[in-house]
Amino acid sequence: MTNKPVLVVGGGPAGLAAAHALASVGQQTVLVEKEGRLGGAPILSGYAKLVPSGEWARDAIGAMVGRVENNPLVNVQLSASVAAFSGTPGAFRATLSNGQSVEAGAAVLCTGFTHFDSVNKPEWGFGTYPDVVTTAQVEQMISSGRGVRCPSDGRKPERVAILLCVGSRDRQIGREWCSKICCTVSSNIAMEIREELPDTHVYIYYMDIRTFGLYETKYYWRSQEEFKVKYIKSRIAEVTSDGKRLIIKGEDTLVKRPITIPFDMVVHAIGMDPNVDNKSLAATFGIGLEPHGFIGKGSSYGNLGETSRPGIFVAGAATGPETIDDSIAQAKAAAMAAFALVHQQPVQTAAA
Amino acid sequence: MPIHEKNLIRPENLKTHENLTIDGVNVSGHWSTFIAPRVITDYNEKIEAEISALPGGEHINRCWQCGSCTNSCTVNAVNPDFNPRYWIYLIRMGMESELLRDKDIIWQCVSCNKCTYACPRDVFPEGVMKATAHWLELQGHTPKSKSTIFDEEFTEQVVATGKIEEGRIIRNFFTKTRQPLFQEWLIEMAMRVARHMPVRLGFLMGLSTVIRPRTRGWSKARDAITDYVNEQEVKQRQALGLRENEGKTGRQHEN
């Protein structure tokens, strides 16, 4: 029984869940976070109310941060990354960018994703027109309490368009995956806009709506039935401006007619890219990436959270677009596997 | 090369000019036919709210365009242009001009309610059809049909007296629709009726044209019905932003 600490990389929902799960069974953990504070995307990008709980990110994820920061079994290393990693399962050694050296029995990568950068779709006006914003920016407008306003002049938008699949399902820019949560998040944002600004009309332009599972009732149906959000099947061709308002161009596929409709604000429902650091993470940890650039997973049936290298586990959006709830669940599963390894009780795989 | 999507070109969008010169180029005649753009340039967001405010239209915002209503529709089987799914979309997105193109077929719904049972989201498409027809009428887009005028005359008499009087219905209907009362078939019918009618009945009919018979104690019922109908009408007209008598042919209740 080596009982060396488990190295958890990344302090977002998955990393916080893994560290807490390990600490709760008495396992020493080193949590390495490259940013100056814990919380990951929900905290660092200023998310408002989370899907599906409806709790504010600062409360829900903030509580996860609190219980890890105050836990004596978790050694939190902020503004640090793993510079070098070597060894074998049960006896790894990591060198951190701050010079510290960590002995680790196992590692759990909870390195998350990177928001798609909308400037990569210039035809949709982000970076050209100030009133073209991203879902992350709208989340910030709501969570900061300032409300949804046009960045150009601070006015309340009378008409808002949300464009889905920005940076998702788009072979033109090498992003074939569905980012899974943007439909639901957009429905949620649409309802929040309608709640704050009841006179504002919100239109969602979609290719398919994927508010999967139980999100159907709570988001897709509710946004239409209670909040009168309108869904139009059309992938927008371009966003321009007439000098006063934004103009979106596209085809209304149900009417088979071209549309050029004025809007006050256009919101990009940005997708989840592989973490920009994934290539260097793969090199540092000696693990493989899957074809889209996310961290590759082993078989899920025997042991959830395996990478291509024994002793290194992975959880959450590092492996592909993922919800917060599922990231947390995966992190706990990976923590269990890491814990078993550190205590030299290998979990039997289905194949064995 | 053949013109693809030729079905998208609408006759009213073809513009041919007898004499037109643009920048010194003669573009007159058939060979210089222009096609007006099909682009939709704005949404009219009022329409959905207006039709939602009319009886039957309340749940229109639930529709997700599955097409179950159109697929189950009795009238659509006969007339493919009768497409409830499509109209619901036009209303929801506020494409008024597109909706008005079909104003003369929307009322053809036969209220079989197959759509009501097929709809997975309880939109109540049959109600939406009724609300839309009502909306078209209130907005003055469709004139009242003769049968509507007949129904109104019938209803007005029942409301006023609790009874109907056939002779009066026919007289008033013919007056309102500006048809001559002395028509050959009508005279023939009246004569045959008169020939076989018992004397007492003929006397009563004659009397009832002079003295209007009423259901005993009707005035309370009349006032209640009148109040309710007026209240609903005021509510609906307000929802559509219409003034008291705008777009409406006068409906007068006798006493």
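Odds and ends about this structure:
- Condition check for residue B:4: surrounded by fewer than 20 Cβ atoms within 10 Å (Cβ to Cβ), out of contact with any helix residue (DSSP H, G or I) (no Cβ under 9 Å at 6 or more places or on another chain) and either more than 10 Å from chain A (Cβ to nearest Cβ) or assigned to a loop (DSSP other than H, G, I, E, B) (or both): yes
- Of the criteria (1) out of contact with any helix residue (DSSP H, G or I) (no Cβ under 6 Å at 6 or more places or on another chain); (2) more than 14 Å from chain B (Cβ to nearest Cβ); (3) at pLDDT 95 or above, which one residue A:295 fails: (1)
- Selected residue (criterion: nearest to residue B:162 (Cα to Cα)) from residues of the range B:208-224 that are at pLDDT below 85 and not basic (Lys, Arg): B:213
- Residues being under 25 Å from residue A:200 (Cβ atoms) and open to solvent by 20 Å² or more (accessible area, probe 1.4 Å) - total across the range A:263-276: 0
A quick yes/no check of all residues on (1) within 10 Å of chain A (Cβ to nearest Cβ); (2) in contact (Cβ under 8 Å) with a residue 60 or more places away in the chain; (3) of a type in the set (A, V, I, L, M, F, W, C):
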site: B:85; (1), (2), (3): yes, no, no
site: B:96; (1), (2), (3): no, no, no
site: B:99; (1), (2), (3): no, no, yes
site: B:110; (1), (2), (3): no, no, yes
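- The range A:23-37 residues that are in contact (Cβ under 8 Å) with a residue 12 or more places away in the chain and crowded, with 20+ Cβ neighbours inside 10 Å, paired with ones that are assigned to a loop (DSSP other than H, G, I, E, B) and not aliphatic (A, V, I, L, M) (beta carbon under 6 Å, 6 or more apart): A:23/A:71; A:29/A:5; A:30/A:5; A:31/A:11; A:33/A:11
- Some residue of the range A:234-246 being basic (Lys, Arg), within 25 Å of the chain's Cα centre (by Cα) and farther than 30 Å from residue A:103 by Cβ: yes
- Top-ranked residue in the range B:16-32 [being surrounded by fewer than 12 Cβ atoms within 10 Å (Cβ to Cβ) and not acidic (Asp, Glu); ranked as nearest to the other protein chains (Cβ to nearest Cβ)]: B:22
- Residue in the range A:199-216 that is surrounded by fewer than 19 Cβ atoms within 10 Å (Cβ to Cβ), in contact with a Ser or Thr (Cβ under 6 Å, 6 or more places away or on another chain) and within 14 Å of chain B (Cβ to nearest Cβ) present: no
- Against the numbered list (1) without any contact (Cβ under 8 Å) to a residue 12 or more places away in the chain; (2) away from chain B (no Cβ under 14 Å), residue A:184 comes up short only at (1).
- Residue within the range B:120-129 that is touching a residue at least 40 places away in the same chain (Cβ under 8 Å) and assigned by TED's automatic domain parsing to the domain that holds residue B:203 present: no
- The single condition among (1) away from chain B (no Cβ under 14 Å); (2) modelled with pLDDT of 95 or more that residue A:247 does not meet is (1).
- The set of residues in the range B:141-163 being more than 21 Å from the chain's Cα centre (by Cα) and open to solvent by 70 Å² or more (accessible area, probe 1.4 Å) consists of B:163 alone.
- The range A:81-93 residues that are surrounded by 13 or more Cβ atoms within 10 Å (Cβ to Cβ), paired with ones that are in a strand (DSSP E or B) and among the basic types (Lys, Arg) (beta carbon under 6 Å, 6 or more apart): A:87/A:93
- Subset tally (residues that are open to solvent by 50 Å² or more (accessible area, probe 1.4 Å), in contact with a Leu (Cβ under 8 Å, 6 or more places away or on another chain) and among the aliphatic types (A, V, I, L, M)) for the range A:232-254: 0
- Restricting B:178, B:192, B:216, B:200 to residues that are outside any helix (DSSP H, G or I) and over 27 Å from the mean Cα position of the chain (by Cα) narrows the list to B:216.
- Annotation: of all residues in the range A:210-259 being in contact (Cβ under 8 Å) with a residue 40 or more places away in the chain and out of contact with any Gly (no Cβ under 8 Å at 6 or more places or on another chain), the one that is farthest from residue B:40 (Cα to Cα) is A:214.
- Residue check for residue A:229: buried (at least 18 other Cβ atoms within 10 Å of the Cβ) and more than 14 Å from chain B (Cβ to nearest Cβ): no
- Answer residue from the range A:38-50, given it is open to solvent by 30 Å² or more (accessible area, probe 1.4 Å) and either within 12 Å of the chain's Cα centre (by Cα) or hydrophobic (A, V, I, L, M, F, W, C) (or both) and is farthest from residue A:147 (Cα to Cα) among those: A:44
The values are calculated or read from the model by the stated rules, or taken from the named source; none is laboratory data. Treat the numbers as computed from the prediction; the structure is a model and nothing was measured. As a convention, Cβ positions derive from the backbone with ideal geometry for all residues, glycine included, and neighbour counts pool all protein chains shown. Note: areas computed on protein heavy atoms with side chains; ligands, DNA, RNA excluded. Shrake-Rupley method; radii C 1.70, N 1.55, O 1.52, S 1.80 Å.
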